[in-house]
Amino acid sequence: MAKGITLVLAVPAAAVVTAPSSYAACAEVGNVYYSTTQSPTYRGDRDTRTYGRSGGTLTISLGESVTTGGSITGTTSAEAGVIFAKASVSVGVTIKKDWTSSVTRSYSWKVPSSQSTGWIEAGHHAYKVNYIKKTIVAPCNVKTVKTGSIVGNTSAIQFTHS
């Protein structure tokens, strides 16, 4: 039976290059990565807003069209699409800049007597997405290129009132 040989090799600490923890290898120099955090918000469709006086009941009817647009200021549509796709995976529902849906249930609200005028409105459940755009530059360093936030909508109708 052959005996194994153990070889101990000393390597100076300065010679050890560690790949960035969130990226596979230094061979990915030039690649761009996004990290995102999402927080729920609401995007209203002002065209659905209905006003009424104290004591009156306001209603948004079934089948009414609701259209909302997100916000991608400071980035391109293509980049926003990548960011929304990453955020969609995180929250488990599709997020995109613009969305049009039809109301599938009605919503009513009575304006309280303590309020002279009130309103109701339909919109979409949305997300504010904060992002960090990073790239790997030689020799295997992570560089933050841009940070920002954009707002995207889901298909879920959400109602609110004054």
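The alpha carbons of region 25-139 give a radius of gyration and a Dmax of 20.0, 69 Å, in that order.
How many percent of the accessible area of region 53-106 is carbon or sulfur, using a 1.4 Å probe?
Roughly 54 percent, rounded to a whole number.
Think of a 1.4 Å ball rolled over the protein heavy atoms: region 73-162 then has 50 Å² of accessible area per residue. Given charges of +1 on the Cβ of Lys and Arg and -1 on the Cβ of Asp and Glu, with all other atoms neutral, how large is the dipole of region 15-162 about its Cα centre, in debye to the nearest 20? That gives a dipole near 220 debye. The charge dipole of region 103-162, taken about its Cα centre with unit charges on the Cβ atoms of Lys, Arg (+1), Asp and Glu (-1) only, comes to about 320 debye. Can you list the residues of region 110-143 with backbone N under 20 Å from a point 7 Å past the Cα of THR37, pointing along Cα to Cβ? Output list for this probe position: 126-135, 143. Ordering TYR107, GLY69, PHE84 by Cα displacement along the dipole of region 68-122 toward the positive end leaves TYR107 in first place; charges were set at the Cβ atoms of Lys, Arg (+1) and Asp, Glu (-1). Heavy-atom accessible area for THR147, with the other protein chains in place and a 1.4 Å probe, reaches approximately 90 Å². Once the Cβ-Cβ distance of TYR51 and ASN130 is raised to the sixth power relative to R0 = 45 Å, the FRET efficiency obtained is 0.85.
The values are calculated or read from the model by the stated rules, or taken from the named source; none is laboratory data. Because the structure is predicted, anything quoted here is derived from the model rather than measured. Cβ sites come from the backbone with ideal geometry, for glycine too, and all protein chains shown count toward neighbours. To get the accessible areas, we keep the full protein, side chains included, count just its heavy atoms, and leave off ligands, DNA and RNA. Shrake-Rupley method; radii C 1.70, N 1.55, O 1.52, S 1.80 Å.
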